[in-house]
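Only one structure is covered here, and it is reproduced in the block below.
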Amino acid sequence: MFNRRTLLAGAAALLVSAAALTQFSLPALADPTEVRVMWYSDGNEGDVMRDLLDRFEKANPDIKVTLDRVPYKTINEQLPTLLDSGQGPDMARVSDLGGLSRHYLDVRPMFKNPGYFDENYATTLPWLRPADGLAHGIYGVMTQMTLTIPIVNVTLFQQAGVPLPAAGATWADWVKATRAVAEKVKAPYPIAIDRSGHRIFGPSISMGAKVFDSKGQPAILDDGFKSMMQTLVTWHGDGTMSKALWGSVGGSSYRGANEEFGNGQVVMYFSGTWQFGQFAKSVGKNFEWQAVPEPCGPATCTGLPGGAALVPIKDTKHPKEVARILEWFGSEPVQAEFDARTLFLPANEAVAAKGVDYQTDDANVKKSLNVAVKELTKTAPLAFKLQGYENNRMVFNAVISRLNQAINGEMSLTDAYTRMQADVVEGLAAKGIKLQ
Amino acid sequence: MNLGDRLAALLERVYILLMKALEPPFAALQRVVGIKGMPYAFVLPNVVLFGLFIFVPVVLNVWYAFTGSNHLLIGERPGVGLDNFASLLDCKNYLDVNSCAQDRFWRAVHNTALFVVLQVSSMVVLSLIAALILNGRIVARGFFRAVFFFPVLLSPVVVALIWKWILQTDGLLNAVVVGFGGEKVAFLHDASWAFYWTIFVSVWAHMGFYTLILLAGLQAIPADLYEAAEMDGTSRTRVFRRITIPLLMPTLLVVLILSLIRSVQAFDEVFVLTGGGPGTATQYIVQYIYETAFANQVHLYGLAAAASILVAVVLMVLTLLQMRVNYHGDK
């Protein structure tokens, strides 16, 4: 029944049909161009972005945007390698603004109204420009401004009967208050700070750190910086900060204390404004919390600004579509809605001037946003300069990994300083920059 | 014809159809390469895969080790000769990591060396004890053999997460400690505790595999030797020293070498359990290579590649040792 000829004919027919279906099918008329965006979320911004993009796609049926939602660790550790190998997405949401800037595309020539961006993103556009990039290039749009800021568990203060230190309180005042609260209510963490160099440089600048030398190159080992480093070592020794947090990871790995704060175990959590939306969800009505003014040091009372940016990648095969998405995202109505729903501080200066109608009934969030907006205006210029420094992440990583070794007794703080400097020199040398 | 017979007939027809369908292309291949070339043709796909995913990356890795900068693409990397190796080996005193230019590399080397010594010795001893017990006449022997092997089947990430949950400050073990009136212990945040727990978790996860190998070795020992010893009234200790150990020695050496190779490559469980912390207390050499190449903001691919070559040399020595042991065992 089945002779060889029949078998061969059948197999040939199968092969031809399969080929026709997969390889030689006629393309559907006007297939939309797919643009892939690698995106991470701190809170609900992934959902908000997807909703906004759905409306963008309806208005622009020739573009389909795929939002690949990944953990923050993927953006930090895998995206750089993907970009180096030319296998990255078309766009990405990144927080290492300067460090990855060599991969960004200048979309200015493709924008309909680039002047709008010059006017309303004047502070942050330079953060995204690569060292060898165009002076007026537009290399991305911030998805939000952030500010490192302390967030306190107000309920714990109330339960302990300890008053919240007022604006202008120093770090020493806060340590005294949080330790008193922790002792009374048996909270395990009087103070928790994210294990991140970005977090500790705000307080360092408050302590008098200058960070840069006269040539604008990193010169971190001054008295102000060392004062803050010694403080952190002391805090880990006397129980103000617990080794359980920073000690649970190694190297320059990030470790937040969101979970511990959400569980009511932390009296004061020095993190940032990007946490407000998340805490609105995770804490809810469990306890009262709010952001408080920046603790002061001898020099000033500052946090470190920051934020993430949506950036176009220069290897994209769809630069025009990417430019259209970016120009749309950076526009005032989109930014206003994005900030209102994500509870982020606005990066668009027109939106900031008009104020954001935040979509929340959470009193904790509203109070915190008010505090943060005020504190942002008082942020030290040096903090902005550091945030805009292309190699800041490399400096942050060197500091946090060596500081952690000192905290764990692997080396003295003096040796840690030597190693920090050596790591910075080595990192810059790998980028072809010689530290003088 | 019952259902089973019909199924068998159907499967046979499918098989025959499949073989008939494959016959023409293989006949055409044989016409091209000849009958002697057919084995090579069958091996070729595997060789291509091996070449593409193993050999080529190894060659590229060697290239990276002799080049510098933080660029990934080979064409953009300038040659630096032996600078990466020189940097890694630049130490005033190899026993004092703080005297080394690349102190993190040497910390990882020291950590790995200590880990290997302790982990391998405890692994081999515990596996041998387990194998001896499981080789005996115990109740539910089959069940216990399976139980010892279960952790081997788990993903390293799952193993690490389970033990992280047990060992964390508010974890199960501390709940037991507190329940007995003690105070919480920072099992994973104290450098010494964390180091020894990584050894424990690694042994727990992999012991079953080596127990199985040793069990097979024990079962290969002729039973009449033990019978003869029993008839002679030989003590159990003497039987163990004079019969079991000598005849088990080739298997023991294989287990030793395999566990040595594996322990040098320790990464996944430790990375999830402690992240290499606290500080660098549990950072071993593979994690150092990974972080240097990929996790740090400045990707020092050349330095990481050079470190990986040094590790490869150590592993090659161990592998040659194992081959020599096997060769002598066969003889």
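Does residue A:115 qualify as being surrounded by fewer than 18 Cβ atoms within 10 Å (Cβ to Cβ), over 14 Å from the mean Cα position of the chain (by Cα) and within 12 Å of another protein chain (Cβ to nearest Cβ)?
Against the criterion (surrounded by fewer than 18 Cβ atoms within 10 Å (Cβ to Cβ), over 14 Å from the mean Cα position of the chain (by Cα) and within 12 Å of another protein chain (Cβ to nearest Cβ)), residue A:115 does not qualify.
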Checklist outcome for this item: residue B:70 fails exactly one of (1) touching a residue at least 60 places away in the same chain (Cβ under 8 Å); (2) in a helix (DSSP H, G or I); (3) of a type in the set (S, T, N, Q), namely (2)
Checklist outcome for this item: Residue hits (the range A:240-265; touching a residue at least 40 places away in the same chain (Cβ under 8 Å), within 14 Å of chain B (Cβ to nearest Cβ) and farther than 21 Å from residue A:201 by Cα) are A:244, A:260, A:264, A:265
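Quick grid of which residues meet (1) surrounded by 14 or more Cβ atoms within 10 Å (Cβ to Cβ); (2) more than 14 Å from chain A (Cβ to nearest Cβ):
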| site | (1), (2) |
| --- | --- |
| B:197 | yes, no |
| B:202 | yes, yes |
| B:213 | yes, yes |
| B:222 | no, yes |
| B:225 | yes, yes |
| B:228 | no, yes |
| B:231 | no, yes |
| B:236 | no, yes |
| B:243 | yes, yes |
Item to check | Condition met for residue A:348 (more than 12 Å from chain B (Cβ to nearest Cβ), crowded, with 23+ Cβ neighbours inside 10 Å and closer than 21 Å to residue A:101 by Cβ) | outcome: yes
Checklist entry - Within the range A:420-434, is there a residue that is assigned to a loop (DSSP other than H, G, I, E, B), within 30 Å of residue A:345 (Cα to Cα) and more than 8 Å from every other protein chain (Cβ to nearest Cβ)? => result no
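Per-residue answers, yes or no, for (1) closer than 14 Å to residue B:293 by Cα; (2) modelled with pLDDT of 90 or more; (3) more than 14 Å from every other protein chain (Cβ to nearest Cβ); (4) surrounded by 12 or more Cβ atoms within 10 Å (Cβ to Cβ):
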position	(1), (2), (3), (4)
B:30	no, yes, yes, yes
B:34	no, yes, yes, no
B:37	no, yes, yes, yes
B:42	no, yes, yes, no
B:47	no, yes, yes, no
B:74	no, no, no, no
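Among the strands (runs of 3 or more DSSP E) contained in the range A:251-354, which hold 2 or more residues that are over 19 Å from the mean Cα position of the chain (by Cα) and assigned by TED's automatic domain parsing to the domain that holds residue A:228?
Working: elements: A:266-272, A:289-291, A:309-312.
Fully inside the range A:251-354 and qualifying: A:266-272, A:289-291.
Being within 23 Å of residue B:213 (Cα to Cα), surrounded by fewer than 16 Cβ atoms within 10 Å (Cβ to Cβ) and in the same structural domain as residue B:189 (by TED's automatic domain parsing): is that true of residue B:251 here? Let's see the steps before the verdict.
Values: within 23 Å of residue B:213 (Cα to Cα): yes; surrounded by fewer than 16 Cβ atoms within 10 Å (Cβ to Cβ): no; in the same structural domain as residue B:189 (by TED's automatic domain parsing): yes.
Criteria not met by residue B:251.
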Checklist entry - Inside the range B:118-136, can you point out the residues that are within 29 Å of residue B:194 (Cβ to Cβ) and without any contact (Cβ under 8 Å) to a residue 60 or more places away in the chain? => result B:121, B:125, B:129
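Being over 30 Å from residue B:298 (Cβ atoms) and of a type in the set (Val, Ile, Thr) is true for just one of A:424, A:356, A:395. Which residue is that? Lay out the reasoning, then the answer.
Working: A:424 fails: over 30 Å from residue B:298 (Cβ atoms); A:395 fails: over 30 Å from residue B:298 (Cβ atoms).
The match here is A:356.
The values are calculated or read from the model by the stated rules, or taken from the named source; none is laboratory data. The model shown is predicted, which means the values in this text are computed figures rather than measured ones. Please note: Cβ atoms are built from the backbone with ideal geometry, for glycine as well, and neighbour counts cover all protein chains shown.
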